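Trainee: Below is one structure. I have some questions about it.
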Amino acid sequence: AAPFSLQAGPTQVQATFQLTNYKTIDATISTKDAHLQDLLVIAQAGDITATGSATLQLRATGPVDNPQLSGSGSLSNAGFQLPALNPQLKIDSAAIKFEADSAAIDNAVFHIAKTNGRGSVKVRNFARPRIALSLQVDQLSNTEAQSWFPPAKPGAKSTPTVTEWLPPPRITPR
């Protein structure tokens with residue numbers, strides 16, 4: 001596959017893409033010190049705004065419905081404003097890792113409202129996702145956390161609540 005690039009602002013993404021018989025993919029994506037907002041423009045993620053930077057090296061090969069992933073990346077000084085999350089999510093730093101059928105964010109140092117934390121999240125099997133989440137936070141107020149998820153606007157498509165899409169947490173004492 002011939003290499004090509006995508007650009008928004010000063011951010012440039014290098015890529016290759018080959019699709020065989022609409023069944024098999026071989027693709028690469030890479031960028032270094034990319035502005036997160038520019039990456040969102042390239043991805044056409046219009047409802048999300050971001051600050052900070054990312055570096056990414058990703059390869060996807062194999063069946064389109066279950067590609068094998070490899071690569072890594074990082075986030076630094078990131079801030080995300082999401083439509084379904086009221087305060088901004090700030091990530092000081094995080095490592096991104098792709099392997100086999102999973103993607104992970106490790107060693108994330110984050111802040112949301114008055115809560116500061118560290119943690120990781122891993123998604124396996126994108127066809128039937130399984131999510132593993134590990135978080136350590138300094139404080140978490142139930143009242144404050146509920147305020148993070150504003151009610152849907154009238155006429156908006158219904159979004160599941162956190163308790164509908166996350167299983168109950170398993171808390172283990174130290």
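The values are calculated or read from the model by the stated rules, or taken from the named source; none is laboratory data. Predicted model only: the values in this text are computed from it and were never measured. All Cβ positions, even for glycine, are placed from backbone atoms using ideal geometry, and neighbour counts span all protein chains on display. Quick note on the areas: whole protein, heavy atoms, side chains included, nothing else; ligands and nucleic acids left out. Shrake-Rupley method; radii C 1.70, N 1.55, O 1.52, S 1.80 Å.
Trainee: When the Karplus curve 6.51 cos²θ - 1.76 cosθ + 1.60 is applied with θ = phi - 60°, which whole-Hz ³J(HN,Hα) does each residue of the stretch 8-23 get, with x for Gly and Pro?
Mentor: 9, x, x, 7, 10, 10, 9, 8, 9, 8, 9, 10, 10, 6, 6, 10
Trainee: Mean separation of Cα pairs under 8 Å and 6+ residues apart, divided by the residue count of the stretch 79-155: what relative contact order is that in percent?
Mentor: Rounded, it is 24 percent for the stretch 79-155.
Trainee: Another question about this same structure. Counting Lys +1, Arg +1, Asp -1, Glu -1, what net charge surrounds GLN18 among other residues with beta carbon under 14 Å of its beta carbon?
Mentor: +1
Trainee: Let me ask you something else. Quick one: what are the phi-derived ³J(HN,Hα) couplings along the stretch 89-95, Karplus 6.51/-1.76/1.60 with θ = phi - 60°, whole Hz, x for glycine and proline?
Mentor: 8, 10, 10, 5, 7, 6, 9
Trainee: Would you mind telling me the share, in percent, of accessible area of the chain contributed by carbon and sulfur at probe 1.4 angstrom?
Mentor: Carbon and sulfur: 56 percent of the exposed surface of the chain.
Trainee: State the volume of the convex hull built on the alpha-carbon positions of the stretch 32-116, expressed per residue in Å³ and rounded to an integer.
Mentor: In the stretch 32-116, the Cα hull volume divided by residue count equals 105 Å³.
Trainee: Over the stretch 1-58, average the accessible area per residue using a 1.4 Å probe and give it in Å², no decimals.
Mentor: Per-residue accessible area for the stretch 1-58 comes out at 64 Å².
Trainee: Need the C-alpha centroid separation for the stretch 1-71 versus the stretch 126-143, integer Å.
Mentor: A separation of 26 Å, based on Cα centres.
Trainee: Could you give me the ³J(HN,Hα) list for the stretch 25-34, computed from phi with Karplus coefficients 6.51, -1.76, 1.60 and θ = phi - 60°, whole Hz, x at Gly and Pro?
Mentor: 10, 9, 9, 10, 9, 8, 7, 10, 6, 7
Trainee: Only one of the values [x] -0.80, -1.06, -1.19; [y] -0.87, -0.98, -1.04; [z] -0.63, -0.80, -0.88 was calculated from this structure for log10 I(q)/I(0) by the Debye sum over Cα atoms at q = 0.13, 0.15, 0.16 Å⁻¹; name its label.
Mentor: Read-out taken from this structure: [x].
Trainee: Quick one: compute the contact order of the chain, relative version, from alpha carbon pairs under 8 angstrom and 6+ residues apart, as a percent.
Mentor: Relative contact order for the chain comes out at 12 percent.
Trainee: Another question, if that's okay. For GLN88, list long-range residues whose amide hydrogen, built 1.01 Å from N in the peptide plane, is under 5 Å from its own amide hydrogen.
Mentor: Amide H neighbours of GLN88, under 5 Å, 5+ apart: ALA113.
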